[in-house]
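What follows draws every value from the coordinates through simple rules; no lab data is involved. Quick caveat, the model's predicted, so the values are computed rather than measured. Heads up, the Cβs are rebuilt from the backbone with ideal geometry, glycines too, and the neighbour counts pull from every protein chain shown.
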Amino acid sequence: MVWILVAVALFAGLSYVVSENMRGGSPELMGAELARNNATEILQFASSVRRAVQTLRIDGVADTEISFENNIANGYTNVSCSSDSCKVFAPGGGGISYIRPSPDWLDESNSARDHFGTYLFTGNACIASVGGGGTDCELSGDDEELLLIVPYLKKIICTELNKKAGINLPSGEPLPEGTSAWNSNPATARFTGSYTNDSEIGDGNAAFRKTRSGCFAGTGTNMPPSGTYHYYEVLLAR
């Protein structure tokens, strides 16, 4: 009987410790852990899209024929793509599914803005020293990259994404984009087969050079607005 009581007491104590560990920790630590998990989810989806684009290119699809048409975000029909074989989000093409960005990733204060709650696939900007662009690729001509952008992220997630990308930011603050990561006209911002010589993400800042992924802050010079945070992934360097 004594041993039974001792076992019950030990079990109760263990249950308490487990429960406290589940609930314990500061809100800051719990928030940082959640941000790391969210950043991993973003990277996993971005990688799947990049691999799908690579698959299309290997299969002989020209970059200007690539279509991001999907059944969630409108405006990505590419008239140069006439079959599923050139569509990223089709079983007969890239072979992946479009998955909405999680609300947990996003800064809801920007919910009324264009592209909020979707991925932006764009050809409006270049990254310095990636592909054929030089250290000031904005002035180098037709060297815009094919990009995936996850707009309007929470700042803490943006910071975690930069850590994972290896971008050295001593201040811990996401670097400002500079001028314009995408066109202010939503229709023109979406990639439908052509590129626009608009801007350079990072605007010459050395921390962005040769970085095929990262997270930046808007400045409000054009798009995106100041006080907002956005992840980019180079799907195809040019």
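General remarks:
- Placing unit charges on the Cβ atoms only, positive for Lys and Arg and negative for Asp and Glu, gives region 28-236 a dipole magnitude near 460 debye about its Cα centre.
- Proximity of backbone amide H atoms, modeled 1.01 Å from N, is registered between LEU106 and LYS154 at under 5 Å, excluding neighbours fewer than 5 places apart on the same chain.
- Length gained on full extension, ASN205 to SER184, computed as 0.36 nm times the residue gap minus the Cα-Cα distance: 5.3 nm.
- Here the Karplus relation 6.51 cos²θ - 1.76 cosθ + 1.60, evaluated at θ = phi - 60°, turns the backbone of region 180-186 into coupling constants of 7, 8, 8, 5, 5, 7, x Hz, with x for every Gly and Pro.
- Viscosity 1.002 mPa s, 20 °C: Kirkwood-radius Stokes-Einstein D of region 28-236 over Cα pairs, µm²/s: 126
- Going by neighbour counts of Cβ atoms within 10 Å, the residues GLU145, GLU233, GLU177, GLU65 line up, fewest first, as GLU65, GLU233, GLU145, GLU177.
- In this Cβ point-charge picture (+1 for Lys and Arg, -1 for Asp and Glu), region 53-131 has a dipole of about 80 debye about its Cα centre.
- Counted residue by residue at 0.36 nm each, then reduced by the alpha carbon distance between them, the extension gain from ARG100 to ASP84 reaches 3.7 nm.
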